[in-house]
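Below you'll find the structure, written out as structure tokens, and then a few comments.
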Amino acid sequence: MRHMSKAFYERYWRTQNILSDFPYKWPVVKKLLPLNAQLKLLDFGCGNGHILREVIKVRPDYRIHGVDISTNALKVAKRRVPRGVFRFISDDQHIPFPNNSFDIILALDVLEHIYDTKAAFAQLARVLKPSGTLIVTVPYNGKLKLILAILVAFDGYFNPYSPHIRFFNKSTLRRCLTDAKLSPLRFGYFGRFYPLS
């Protein structure tokens, strides 16, 4: 079971080039990146480095790091962002960096792919500096949206081949953050319109 998710994501990243919701997500996320130069940023679940390539366009002084379970995706990420530091993260989700390493951590549409979310949030809290910023995006799964999905697009939304294995709404995401001793500062929505965000 341990290596099943690694094999899945090696196959997944062979066919992925750009994230489908990137045009919705990026304008929101880039405004959240602090202006301070020389900050150390980690992209947790960096995939093929597409987002990090965009980060350095708007924050060229950031020190860029990425972790992912797919070694093939990491190779592509290194080609896209040669100055980035990229590390493999195993199924146990231990982030291979010391405590309090990062000023900013991005976890953009990755937490819904993880089996052990408690361990993932604990690791994110461990490597984030006490005054650091964690930026998380997950697909929104409020009651109304799920009812609409069940009525209109059940097979597509709950596709058994989908990489999504976790479903978050505002309260469950808040609980995960506070359980990991992280303090949620702001929640928002992007893409389409609420409650289909």
> Largest first, how would VAL152, VAL58 line up by accessible area (1.4 Å probe)?
Replying inline: VAL152, VAL58
> Using only the Cα atoms of the range 69-141, what do you get for the radius of gyration and for Dmax, in Å?
Replying inline: 12.8, 36
>> Sort ASP109, ASP43 by heavy-atom solvent-accessible area, probe 1.4 angstrom, most to least.
In response: ASP109, ASP43
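The values are calculated or read from the model by the stated rules, or taken from the named source; none is laboratory data. Please read all numbers here as calculations on a predicted model, not as lab measurements. Accessible surface is based on the protein model in full, side chains and every heavy atom, while ligands, DNA and RNA are left aside. Shrake-Rupley method; radii C 1.70, N 1.55, O 1.52, S 1.80 Å.
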